Structure formats: C-alpha cells, structure tokens
Ligand code: SAH
C-alpha cells in the first residue's frame with residue numbers, strides 16, 4: 001500500500017472515531033509522521049498506533065493526538081504551551097493550527113532530535129526548552145492553551161493551572177495507577193477552574209525532576 005493510501009485510511013479511521021474538526025484532520029494530513037518515527041517502525045508511521053522512540057518514551061497514537069488537539073479548541077491566533085515534546089510530532093501538528101507553540105521536554109537527547117525535525121520542516125513558530133515542564137514557562141505565561149502529553153497524578157500541577165489565562169483551556173491526562181488515566185479538560189473561568197473528564201488513555205508518566213544545583217544545567 002502506498003503512503004498516500006495509508007494516509008487516507010488513517011484519516012478515515014480518525015473521522016470514524018470522532019475527529020470532526022477539519023482543521024485538525026488537515027494538520028494531521030500535512031505533517032509527515034514518518035519524519036518523527038524511528039527507522040525500524042517506518043512501515044507503521046501511518047498506522048493508528050503509538051510507537052517507541054528513544055529513552056523509553058513514545059510518539060502518541062494519531063487518534064489521541066487528533067482528539068487532544070480537537071479538545072483544546074485551538075484558535076489560529078492563540079499560543080499553546082505543550083509539556084512533553086517527545087518526538088515533536090504533537091508540537092508540529094499544533095504549530096499548523098495556532099500562532100506559536102512553546103514546548104518543554106526533560107530529556108535533552110529527545111529535544112535535540114525534535115529541534116532538528118522542526119528546522120528541517122521549517123516549522124518556525126515552535127520554541128523549545130529543556131527542563132521540567134511541571135513548572136510551566138513563567139516568562140511566557142499566561143497561556144491561552146496548555147496541552148500536557150504525559151500523565152500527571154490525580155490533579156494537574158499547580159504551576160500549570162496558575163499559568164492558564166482566564167478563558168484558557170488545558171488538556172491533560174490525569175489519574176492514578178488504580179483507576180487508570182483519563183484525558184481531562186480544565187478551563188479557567190473568572191471564578192476558578194472547571195474540570196471535565198473526557199476519555200481513558202495510557203500515557204508515559206509526567207516526571208518532576210529533583211531541583212538541580214545552580215550552574216549544572
Ligand atoms: N508529545 C510527544 C509524546 C510525548 S511522550 C510526541 O508527540 O511525540 C511524553 C514525553 O513527556 C516524554 O518525552 C517525556 O520525557 C516527557 N516528560 C515527562 N515528564 C516531563 C516533565 N516533567 N517535563 C517535560 N517533559 C516531560
């Protein structure tokens with residue numbers, strides 16, 4: 001089967017599974033997922049499946065990328081903070097749908113590879129940072145949209161909800177080991193935070209790094 005045929009099959013599967021936003025579907029169609037997938041898995045780049053990347057991490061399943069992006073209700077003039085750059089695929093999809101993406105990754109080698117992909121694809125509206133994303137990106141806050149692509153505990157990290165603008169939306173997988181994870185949508189209103197549980201997922205954990213002494217980064 002040609003790449004083109006695989007792509008069409010994937011897009012049809014996304015539609016069948018609730019991805020109705022045509023901008024999101026177009027972004028998935030345009031970002032070459034094969035560029036984000038390691039060599040041994042090239043033949044599966046357009047399958048609807050998560051795949052391993054380096055250092056025990058994963059590039060998420062396209063359906064989850066599409067549904068989380070759709071749940072973010074992203075406007076084209078907005079700015080998004082993504083936590084967990086990984087391969088860079090989700091950031092690349094977001095970058096086609098908004099003004100600027102800020103993305104944070106704690107594993108330096110993954111970030112270096114993702115940065116090379118962004119450059120090669122000329123995705124010039126993505127800004128990256130190496131560090132602990134649970135602290136957010138205070139210098140650029142508040143954010144209209146925040147997407148976390150690693151699973152937090154029972155609640156979203158406080159630094160992240162604090163950096164969500166009024167009227168802003170955060171999409172984050174939450175849950176403990178026992179009850180499983182669910183994608184949750186959090187909105188900041190004038191009076192506080194609201195929370196909606198969306199659907200079950202499995203993500204690698206959101207890890208908080210122990211603080212490192214100054215000057216060692
Ligand atoms: N969005 C990625 C998939 C992410 S996998 C993609 O499209 O490929 C989750 C990523 O979150 C991993 O790369 C992991 O290293 C990273 N991560 C986990 N905890 C983190 C933290 N506290 N800050 C930043 N990145 C974190």
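Between residue 119 and residue 13, the modelled labels are 3.3 nm apart [label points 7 Å from Cα along Cα→Cβ].
Taking 0.36 nm per residue of sequence separation and removing the Cα-Cα distance, the residue 127/residue 182 pair yields an extension gain of 17.0 nm. Three principal axis extents describe the C-alpha atoms of region 49-120; from largest down they are 33, 25, 21 Å. With a 10 Å cut-off between alpha carbons and a GNM built on the chain, which of 201, 171, 148 moves the most? Sorting by GNM fluctuation, first place goes to 201. Counting only DSSP H runs of at least 4 residues, each contributing -39500 (n - 2.57), and dividing by the residue count of the chain, the helix-based mean residue ellipticity at 222 nm comes to -8000 deg cm²/dmol. So which residue, out of 175, 84, 167, gets the largest mean-square fluctuation from a GNM of the chain using Cα contacts under 10 Å as springs? Ranking 175, 84, 167 by mean-square fluctuation puts 167 first. If R0 is taken as 25 Å, the Cβ-Cβ distance between residue 61 and residue 158 corresponds to a FRET efficiency of 0.30.
Given just the C-alpha atoms of the chain, how large is their convex hull per residue in cubic angstrom? Write out the running numbers ahead of the final one.
Values: hull volume 28.2 nm³, N = 217.
Taking only Cα atoms, the chain has a hull volume of 130 Å³ per residue.
Got the relative contact order for region 3-200 handy, in percent, Cα pairs under 8 Å and 6 or more residues apart? Each step should come with its number before you reach the end.
Values: 381 pairs, mean separation 29.8, N = 198.
It rounds to 15 percent for region 3-200.
If you build the Cα gyration tensor of region 1-115 and take the root of 5 times each eigenvalue, what three semi-axes come out, in whole angstrom, biggest first? Can you show the working numbers first?
Values: eigenvalues 84, 78, 23 Å².
Semi-axis lengths for region 1-115 are 21, 20, 11 Å.
Read-outs: derived from the displayed coordinates by stated rules, not from any lab. Note that the coordinates shown come from a computational prediction; the quantities given were computed from them, not determined experimentally. Counting neighbours? That spans all protein chains shown, and the Cβs are built from the backbone with ideal geometry, glycine included.
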